[in-house]
Structure formats: structure tokens, C-alpha cells
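**Student:** One structure is given below, represented as C-alpha cells, and several questions about it will come after.
The values are calculated or read from the model by the stated rules, or taken from the named source; none is laboratory data. Note that the structure is predicted; figures quoted are calculated from it, not measured. Every residue, glycine among them, receives a Cβ derived from its backbone with ideal geometry; neighbour counts consider all protein chains shown. Surface accessibility is based on the protein's heavy atoms, side chains included, excluding ligands, DNA and RNA. Shrake-Rupley method; radii C 1.70, N 1.55, O 1.52, S 1.80 Å.
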Amino acid sequence: MSTWFAGLNEEQCSAVAHNTGPLLILAGAGSGKTTVLVSRTGRLIDERIAKASQIAVLTFTNKSARELKHRVQLKVGDRAKGLWAGTFHSFGLQLLRKNYKKIGLSSHFGVLDQSDSQAVIKELLKEVKNSTKEKFDADKLMNLVNLLRAGKKIPVGYLDEYHELAEVLMPKYEARLKTLGVTDFEGLLLEPLRLFKNHPEVLMELQNQFSQVMVDEFQDTNLEQMKLIRALADVHQNLTVVGDDDQSIYGWRGAEISNILNFPSEFENCAVVKLERNYRSTSTILDLGNEVIAKNKKRHGKILKSTKSGEISNKPEVFVLENEDEESEFVVREIQNLVAQKLQYSDIAVLYRSNTQGGFIESCLRRAQIPYQISGGTSIFDRKEAKDWLAYIKQSIWSDEVSLRRIINTPPRGIGDQTLEKLAEYAEANKQDLQTACKNWRETGINDKQGETIENFLRWLWVFPQRLLDDEELGKTYSERFEKLVRESGYRDHLSKMSTEGLMFEKKWQVIEIVGRILESYINKRAPTIDTLKDFIDAMLLRDDTNEDDKKNQVQLMTFHASKGLEFPAVILAGIEEDLLPHKRLGGDLDEERRLFYVGITRAKQKLVLTYCRQRKKMGVIKPVFASRFLREANENLYTNYEHGARPVTGEERESLVSDFLKKMNQTPARGTR
């Protein structure tokens with residue numbers, strides 16, 4: 001038997017042995033799909049079925065492409081040179097670079113990223129005569145323009161004004177790209193398709209070049225990518241696609257699950273191989289995953305079977321907590337418990353549906369000095385709004401030039417760059433810090449109006465800490481006082497003016513609410529003092545990046561979406577509740593939300609812990625919440641449920657606790673003695 005089949009199971013061997021015609025490899029989570037893709041590619045080259053230069057492997061990340069090429073080259077050597085492996089966008093860019101004249105661009109054309117594209121849309125909006133244009137959201141308009149560019153219909157639910165404006169902007173946008181001599185990321189998929197249509201000789205050349213086409217993560221392809229794949233493989237039909245319909249979770253950004261569901265019926269004589277042996281997770285984890293995903297009707301149908309049958313396999317555990325404070329503290333205790341059981345921090349991942357859930361957990365991890373890394377999302381304390389108000393609190397306690405520069409004109413107070421420059425020059429000349437220079441504004445050469453504005457601001461800032469800690473007229477809780485002070489500063493009105501759409505404003509203000517709640521939680525656990533505020537600033541801002549090993553040994557915080565393709569010995573799924581999973585606003589596709597839950601479950605190798613709360617604060621109001629329907633649908637025998645948020649203490653543990661308590665009592669001096 002060829003070395004390419006060594007160590008592979010029967011189904012994997014079947015996929016690797018396939019030579020010609022369409023092939024769908026349904027690769028379940030943890031079933032070794034990368035090994036299969038590498039082995040098949042290498043075998044085709046090694047057995048001279050195709051030269052390396054005749055194989056194209058389309059992936060979704062450059063990392064996947066690099067890994068595949070490296071592993072093939074290790075076994076095949078120089079004969080692997082010429083293998084094309086890369087992302088759809090890199091394929092499109094390479095094709096356009098080669099045929100730039102045919103699409104009317106220069107040889108050095110640029111590619112706009114998303115923010116640049118939105119900037120073009122905003123500029124074009126100024127040119128369109130529309131009395132309500134300031135209310136339009138550029139991101140939403142960009143999405144609609146791209147739908148029209150791809151020849152798609154705008155979905156039902158958009159306002160007529162958006163629809164009409166997108167129709168007007170689409171040709172203007174494409175014309176502006178031509179004028180600028182650039183394309184954008186959407187164009188890297190659309191332009192090759194236009195090139196094939198207008199210059200069939202280009203497509204024919206590619207079809208002759210690539211006799212074998214392979215696609216990784218096929219469930220994530222959109223309509224344009226599917227058209228590109230079809231075009232490349234149209235003549236020979238030697239098309240192998242690898243994917244898992246149960247892990248299709250990107251419908252919100254255009255992925256079409258129908259591509260993988262309909263593949264066998266749309267490609268004649270298609271072979272289908274199911275990889276159902278899971279090399280990652282224990283059987284009890286897979287039992288829960290299989291039960292959850294089986295509720296989806298539109299799927300090919302797979303049942304993952306663990307290859308770890310000989311290992312001790314504990315059931316997944318579900319913990320019910322009172323609120324998000326208790327949930328975050330539980331997560332910290334569970335991480336400490338797992339580390340005490342000899343796991344590394346880097347062995348542990350905490351997953352949640354929405355980035356906003358991570359704020360409380362992140363805060364607790366900082367307080368407990370547990371190293372962590374946020375993947376696939378922005379830390380709440382990396383958001384501009386959170387940074388601004390950490391700077392406010394910091395500057396209210398002690399002088400800090402970086403913080404003062406950040407907030408002195410945020411929101412705008414008429415303190416521009418020239419004014420700051422005069423203040424800074426005075427400070428340097430008189431060997432003062434910037435705050436002292438601000439207090440001495442009359443000597444700096446700035447006008448009275450600006451000086452009085454600065455004086456009033458510093459006076460307001462001076463009493464900020466005491467008002468936050470003591471002023472009950474602002475509110476009974478620290479979070480209420482904090483929000484009131486933010487409003488008082490004019491920052492909330494500033495956010496409202498800067499947000500082109502209501503939803504954008506809500507997201508920005510939600511960051512302020514979360515910071516306020518984390519601040520309140522922090523003060524309540526200590527004391528309402530200036531020192532506590534100082535500790536809060538340190539806890540929120542301190543990140544230990546000095547040691548490379550410490551950086552690697554970190555708990556991983558991420559969304560369910562960001563976790564796809566990863567695996568960890570221990571996984572904590574936080575907030576498995578209705579309105580979070582499925583998400584009330586983002587979870588329109590119920591089947592996709594269930595697949596998202598399935599992806600989270602199947603990240604765990606040995607230990608799976610799930611949490612949900614009885615109540616959660618939403619938009620400033622505490623509301624009762626319930627376990628996700630996805631969890632309630634599952635057989636209760638598949639997990640261990642802890643209604644009181646803790647495992648029962650064993651007899652041995654109880655004796656140890658009593659013993660420790662008695663030792664402490666014996667060490668405590670009697671009253672009245674020293």
C-alpha cells in the first residue's frame with residue numbers, strides 16, 4: 001500500500017484514493033480533513049496523475065494554504081513546486097494582475113479594504129441630492145451596493161429609501177473605482193467572473209492549466225465563489241470539495257449552505273465520502289453534539305463517533321448561575337480548578353455568542369491575574385468608548401498627559417490642536433506637566449473662552465471621583481452615577497451626533513453601560529475609596545506582554561464564530577440562554593444558530609462546561625432569562641445539571657474544608673490578647 005494511506009482509516013483512504021470526477025468529502029468536526037486533503041494532493045503528484053502545477057487548492061485562509069503546501073512538500077520534495085494553494089481572493093488578485101489590461105486597470109492597481117470602500121460610499125453620498133442622506137448607514141449601503149454588483153436582489157426588509165439609494169450609488173461606486181484605478185475585495189471575486197464572460201480564452205487557459213481543483217471549507221462558499229469553482233472545473237469535472245454542512249455558520253456574510261447540500265445532485269456521478277470518526281473529543285461530548293445537531297432537518301446527516309473509547313469520559317456539565325456577575329466569577333473558579341488539575345491556561349477556552357458578553361469575564365480574569373487572550377473580537381477595553389472613560393477616571397485621580405490629551409476635547413470643547421500645542425510649549429518651557437500648564441492658561445497665550453472652558457472642565461474632573469463614590473443624588477448604584485456623569489460631560493450626545501444610525505449609537509452606548517457595570521462590581525467587592533478606583537484602573541489597563549512564554553500560556557476568550565477550526569482540552573460555553581443563543585437580533589436563521597452551538601460543543605476535547613443565568617441586565621433593566629432552547633431540546637441524561645451553580649462537595653473535600661477552618665481558628669488569637 002502507498003505510504004499516502006499509512007495511518008488512515010477506511011473512509012479517509014477512500015477519499016485519498018479518488019482520482020477523477022466530482023467528490024464530496026463530508027468531514028465531521030475533528031475527523032482529520034487536513035490530513036486527507038494533504039494526502040490526496042500528495043498522492044496525485046506522487047503517482048503522476050497530475051503535476052503539481054495542474055492542481056489548484058482554494059482555501060479560506062492563507063494559513064491553511066501554507067500548511068498544505070508545506071506538508072505536501074515535506075513528502076514529495078521538489079515535485080511539489082508549482083502547486084497552487086491560496087484563498088479565493090488571492091486567486092482573483094493573481095488572475096487580475098495577469099489580465100489587468102482586459103479589465104481596464106493599470107499593472108499596479110490597488111485594492112481597497114472595507115473602511116476605504118465605505119469612505120468612497122460616504123463621499124458619493126455627498127454628491128447625491130437627498131435631504132435625508134445624513135441618516136443613512138454607509139456599512140448597510142455598502143452591503144446593498146455589493147448585492148447589486150453581484151446581480152442579486154435586495155432582500156425584503158430594507159427601506160425603499162435604502163433600496164433606491166443603493167441603485168443610484170452602485171454605478172457611481174464602480175465608476176469611482178475605475179477612476180481611482182483600484183478594485184475592492186468584492187471585486188476580487190466579481191471581476192474574474194466578468195473576465196471569464198468577456199474573455200472566454202482566459203477561462204479556457206485556466207481550465208487547461210488546472211486538471212484538478214480542490215476546495216477546503218466548502219460549506220463557507222458564497223454564490224460568487226461557487227460560480228468561480230464551477231467555471232474552473234466545467235470541462236473535466238475533477239472537482240473535490242471538503243466541508244461540513246453541520247459547521248456552516250457564516251450565512252450572515254453570504255455563505256450559501258445550499259452549495260454543499262445540493263452538490264451531489266448538481267454534479268453528475270458525484271462520489272460522497274463521510275468522515276465520521278472523530279479524533280478530538282470524548283464520546284460524551286460527541287453524544288451531546290450529535291443530539292443537538294440532529295434537530296436540523298436540512299443536512300446530509302452524520303453521526304460522529306469518538307476514537308477515544310478507552311478514555312475516562314465525563315459528561316458535559318451545565319451550571320445555572322444567578323446573574324452575569326456570578327457567571328463571571330464561576331468562570332474564574334472553574335479555570336482555577338482546571339489548572340489545579342494540571343491543565344495549562346492555554347488548554348482552556350471560554351466561548352460566548354456576542355463580544356459584549358466577554359466584558360464581565362475579562363474583568364474577572366484581570367482581577368484574578370489570570371492571563372488571557374481575546375481572539376476573533378475586540379476586547380471591551382480596546383473599544384474607543386471604554387478607553388476614553390478609563391482615561392477620564394485616570395485623569396480625575398492623577399495627572400497623566402496621555403489621558404488628558406485623549407479627553408480634553410472629547411467630546412469637542414473647542415480645544416483644538418493649536419491650543420494644545422501652545423499649552424504643551426508653555427509646559428515644556430516652564431518644566432511643568434500639561435495639567436499644570438492648563439491651570440496656568442492665562443500665561444500661555446490662549447484666549448479667554450478656551451481658557452475658561454479648560455478651567456471648567458478641570459474643575460468638573462476634580463470632583464468626579466467623589467461624586468461617583470458618594471453622590472446619591474446622581475443615583476443609588478455606582479453604575480447609575482457613572483452613566484449620569486458620562487451624560488453630564490456631553491459624551492452621550494456626542495456619540496449620538498457621531499452615529500449615522502440608531503443601532504450604531506446603541507452599540508457605542510452599550511460599551512459605556514458595560515464599563516459602568518464592571519466598575520460597580522469592582523467597587524462593591526472592595527470599598528468605595530479613591531484607592532479602589534486606582535486599583536480598578538490598574539486592573540483594567542494592566543497587560544503583561546513582557547514574557548513570550550506567558551503570552552502563549554493564556555486562557556483563550558472568543559466568540560463561537562471565532563472558535564471554528566480550533567480545539568482545546570477544556571471549553572467553557574458561557575451564556576447558553578434564549579436571546580443569546582439563538583441571538584435575539586442576530587439569530588434569524590435558527591438552523592445556523594443551532595450549528596453555531598454544535599461548533600462550540602465540538603471544540604472540546606476532554607472537558608465541556610456550559611453556563612446560563614437566571615437573570616441578566618439588558619439595556620439597564622434586570623430581566624429573567626432562560627436556558628437556550630437548544631439545550632432544553634437535548635436529552636437531560638447527556639449532561640450533568642447543577643441548579644445551584646456548584647458541584648456538591650464530597651465527603652473528603654468537606655473534611656478538608658473543616659480541617660482548614662479549624663486550623664485557622666486555632667491560629668487566631670483570643671480577643672483581648674496580643
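**Student:** Quick one: of the DSSP bridges fully inside the chain, what percent are antiparallel, nearest 5? Let's see the in-between values first.
**Tutor:** Working: 6 of 57 bridges.
The antiparallel fraction comes to roughly 10 percent.
**Student:** Leaving ligands and nucleic acids out of the surface, order His236, His163, His644 by accessible area at 1.4 Å, largest first.
**Tutor:** Values: His236 45, His163 70, His644 170 Å².
Accessible-area ranking of His236, His163, His644, largest first: His644, His163, His236.
**Student:** Starting from the Cα-Cα distance between Leu590 and Glu401, subtract it from 0.36 nm times their residue separation and give me the gain in nm to one decimal. Mind dumping the intermediate values first?
**Tutor:** Working: separation 189, 0.36 × 189 = 68.04 nm, distance 4.97 nm.
Separation in residues times 0.36 nm, less the Cα-Cα distance, equals 63.1 nm.
**Student:** Could you give the nm distance between label points at Val128 and Lys197, where each point is 7 Å from its Cα heading toward the beta carbon?
**Tutor:** Rounded to a tenth, the inter-label distance reads 2.2 nm.
**Student:** How large is the charge dipole for the chain, taken about the Cα centre, if only the Cβ atoms of Lys, Arg (+1) and Asp, Glu (-1) carry charge, to the nearest 20 debye? Each step should come with its number before you reach the end.
**Tutor:** Numbers: 99 positive and 97 negative charges, 198 e Å.
With Lys and Arg at +1 and Asp and Glu at -1, about 960 debye.
**Student:** Another question, then. Among Pro624, His300, Val571, whose Cα sits farthest toward the positive end of the charge dipole of the chain (+1 at Cβ of Lys/Arg, -1 at Cβ of Asp/Glu, about the Cα centre)?
**Tutor:** His300
**Student:** Ignoring solvent entirely, what values of log10 I(q)/I(0) come out of the Debye formula for region 114-261 at 0.10, 0.12, 0.13, 0.14 Å⁻¹ when each Cα is a single scatterer?
**Tutor:** Each listed q maps to, in turn, -0.44, -0.62, -0.71, -0.80.
**Student:** Calculate, in whole percent, how much of the Cα-Cα pair population of the chain lies beyond 48 Å. Before the final figure, lay out each step's value.
**Tutor:** Details: 62923 of 226801 pairs.
Roughly 28 percent, rounded to a whole number.
**Student:** Please give, to one decimal in nm, the separation of the simple spin-label points placed at Asn637 and Met619, each 7 Å out from Cα toward the Cβ.
**Tutor:** My value for the distance between the label points is 4.3 nm.
**Student:** Something else now. So what are the ³J(HN,Hα) numbers for region 209-220, from phi and the Karplus equation (6.51, -1.76, 1.60; θ = phi - 60°), rounded to whole Hz, Gly and Pro as x?
**Tutor:** Running phi through 6.51 cos²θ - 1.76 cosθ + 1.60 with θ = phi - 60° gives 6, 9, 8, 9, 10, 10, 10, 9, 6, 4, 5, 9 Hz.
**Student:** What nm value, rounded to one decimal, do you get for the distance between Glu488 and Asn440 when each label is placed 7 Å out toward the C-beta?
**Tutor:** Reported label-point gap for Glu488 and Asn440 is 3.0 nm.
**Student:** Multiply the residue gap between Asn19 and His644 by 0.36 nm, knock off their C-alpha separation, and tell me the result in nm, one decimal place. Display every interim value, and only then the final one.
**Tutor:** On the way: separation 625, 0.36 × 625 = 225.00 nm, distance 5.67 nm.
Full-extension gain reported as 219.3 nm.
**Student:** List the residues, sorted by chain then number, that are 5 or more residues from Leu275 or on another chain and whose placed amide H is less than 5 Å from its amide H.
**Tutor:** Hits under the 5 Å cutoff: Leu26, Ala27, Gly28.
**Student:** From the phi angles alone, apply the Karplus equation (6.51, -1.76, 1.60; θ = phi - 60°) to region 611-626 and give each ³J(HN,Hα) in whole Hz, x where the residue is Gly or Pro.
**Tutor:** Result, ordered by residue: 10, 8, 10, 8, 8, 8, 7, 10, 6, x, 10, 7, 10, x, 10, 9 Hz.
**Student:** Not counting ligands, DNA or RNA, and with a 1.4 Å probe, what is Leu261's accessible surface area in Å² rounded to the nearest 10?
**Tutor:** Its accessible surface works out to 40 Å², give or take rounding.
**Student:** Mind listing the phi-derived Karplus ³J(HN,Hα) values for region 458-466, rounded to whole Hz, using 6.51, -1.76 and 1.60 with θ = phi - 60°, and x for any glycine or proline?
**Tutor:** Once θ is set to phi - 60°, the couplings for region 458-466 become 5, 5, 5, 5, 4, 9, 3, x, 5 Hz.
**Student:** Something else: Given a 1.4 Å probe and heavy atoms of the protein chains only, how would you sort Glu47, Glu327, largest accessible area at the top? Could the numbers behind the result be given before it?
**Tutor:** On the way: Glu47 85, Glu327 5 Å².
Solvent-accessible surface, decreasing: Glu47, Glu327.
**Student:** A follow-up question, please. If amide H atoms are built 1.01 Å from N in the plane of the peptide, which residues on other chains or at least 5 residues away come under 5 Å of the amide H of Arg603?
**Tutor:** Under 5 Å from the amide H of Arg603 lies no amide H from a residue far enough along the sequence or on another chain.
**Student:** Which value at 222 nm does the chain reach when only helices count, each DSSP H run of 4 or more adding -39,500 (n - 2.57), with the total divided by all residues and rounded to the nearest 500 deg cm²/dmol? Can you show the working numbers first?
**Tutor:** Working: 30 runs with 333 residues, N = 674.
Only helices count here, giving -15000 deg cm²/dmol.
**Student:** With r as the distance between the Cβ atoms of Asp470 and Ala150 and R0 = 45 Å, compute the FRET efficiency 1/(1 + (r/R0)^6) and round to 0.05. Can you show the working numbers first?
**Tutor:** On the way: r = 59 Å, r/R0 = 1.30.
It comes to 0.15.
**Student:** Something else now. As I understand it, the dipole of the chain uses +1 on the Cβ of Lys and Arg and -1 on the Cβ of Asp and Glu, about the Cα centre. Which of Ile537, Pro648, Ala349 lies farthest toward its positive end?
**Tutor:** Result: Ala349, furthest along the dipole toward the positive end.
**Student:** Rank Leu203, Leu495, Leu68 by how far each Cα sits towards the positive end of the charge dipole of the chain (+1 on Lys, Arg Cβ; -1 on Asp, Glu Cβ) and give me just the farthest.
**Tutor:** Highest projection toward the positive end goes to Leu203.
**Student:** Whose amide H sits under 5 Å from the amide H of Val555, counting only residues 5 or more places off or on another chain, with H placed in the peptide plane?
**Tutor:** Tyr372, Gln373
**Student:** Can I ask one more? Can you give me the solvent accessible area of Val235 with a 1.4 Å probe, rounded to the nearest 10 Å²?
**Tutor:** Taking all protein chains as shown, Val235 has close to 110 Å².
**Student:** Sort Arg481, Arg442 by accessible area with a 1.4 Å probe, largest first. Write down the numbers at each step before the final one.
**Tutor:** On the way: Arg481 10, Arg442 160 Å².
Ranked list, largest accessible area first: Arg442, Arg481.
**Student:** Can you tell me the Rg and the Dmax, both Å, for the Cα atoms in region 345-456?
**Tutor:** Taking only Cα atoms of region 345-456, I get Rg and Dmax of 19.2, 59 Å.
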